[in-house]
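All remarks here apply to the structure that follows.
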Amino acid sequence: MAGDNVSEAIEASDPRSVEAAELEVISSQASYDAFAAAARAIPADAVQECCADIVLAYENATRGVENVLGSALVVVNKLPGVNVEELSALPRIAQGLAFAALQVHKEVRAAPFGTLFERAQQLRRKLGKAADALAESSLLPVADVEDVRLHAHLDAVDECEALTALFQRHFKQIDGRSPVNATDLKEVEHVVQKLRAALGQPGEAKAEGGPALVQATEMRDRFWALLNVRHDLLWRCGAWLYGRAVDERVPPLPVRHTGLRHPRASVAEREAPRALARQRALSAAGSPARAASSTGAAARSLANQMGELWRKTKFLIRIGGETPPQG
């Protein structure tokens, strides 16, 4: 059957050892312990599976905090609804996330059903992405896809089962138009059946004292959600400060791990393109053509100032309903 070679397929291309070695560098149990309560307090509907490059997330969070809370700390501290202490803790939350992810790696190796559970996660992602794409193309009812996500949230086995049933109900209309075929659905059924037997009856996995792998996975995903929630506020503060250049100063968190391992650029390498761009901009600003258009430049400058004021006003209305600080 399609699921008989699950373990072999995973072990043939297993990047876990490389990823775990990178996570060890930034991992912090102290940070995990410090933010575990906040992670557990995240609402269930805000939690999503962490498939991102956590090391890159840590680097992006660190860079964003430095740019927002560096020289602009006094200004940001005056913004309504902004807790500077929480924003400054973003790198530590990422370190706690790394520790949580390492616990998942550890449990995958230790649990007799570890590779099976990981395969269920892979199939869940494949079916989920396909369902979203088909719903966007009106080949699957949007309400049915949302119902699957709502009622099977945070449980890989339940969601695999629900997604399989969804594809089977609509198989005739999506046959040949979907990356998910009949063989995939049979494999999902096989994996779910074996995993159900390993985990016990439905619901036991979430109970106190349930399988450690399931609990470790949920905590990893909760830390990921906590990092996203707080990074969103950091990004909005960055937008208030830097406008359209916010993504350069506050890089977004990676959404999904690419699976490709590339050498990470040094700070000097990352800054080189920006330095070149600034040099070109200064050269262009000093050219005769620019000097001859001082009137147009003044008009553009005024328009930019008005646009900046309106942008900041909209941001402050969004986070606190107040007007920008004066002076």
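Values computed for the structure shown
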| item | result |
| --- | --- |
| Residues satisfying the stated conditions in the stretch 23-57, i.e. more than 20 Å from Gln121 (Cβ to Cβ) and not in a helix (DSSP H, G or I) | Ser27, Ser28, Ala41, Pro43 |
| Qualifying residue in the stretch 143-151 (condition: surrounded by 15 or more Cβ atoms within 10 Å (Cβ to Cβ) and not aliphatic (A, V, I, L, M)) | yes |
| Residue among Val108, Val84, Val104 that is of a type in the set (Val, Ile, Thr) and buried (at least 23 other Cβ atoms within 10 Å of the Cβ) | Val104 |
| Unique match (being modelled with pLDDT under 90 and either surrounded by 22 or more Cβ atoms within 10 Å (Cβ to Cβ) or closer than 14 Å to Trp224 by Cβ (or both)) among Ala72, Ala46 | Ala46 |
| Condition met for Ala245 (among the small types (Gly, Ala, Ser), out of contact with any Cys (no Cβ under 9 Å at 6 or more places or on another chain) and modelled with pLDDT under 90) | no |
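The values are calculated or read from the model by the stated rules, or taken from the named source; none is laboratory data. Please read these numbers as outputs of a predicted model, since none were measured by experiment. Here Cβ is always computed from backbone atoms with ideal geometry, including for glycine, and neighbour counts include all displayed protein chains.
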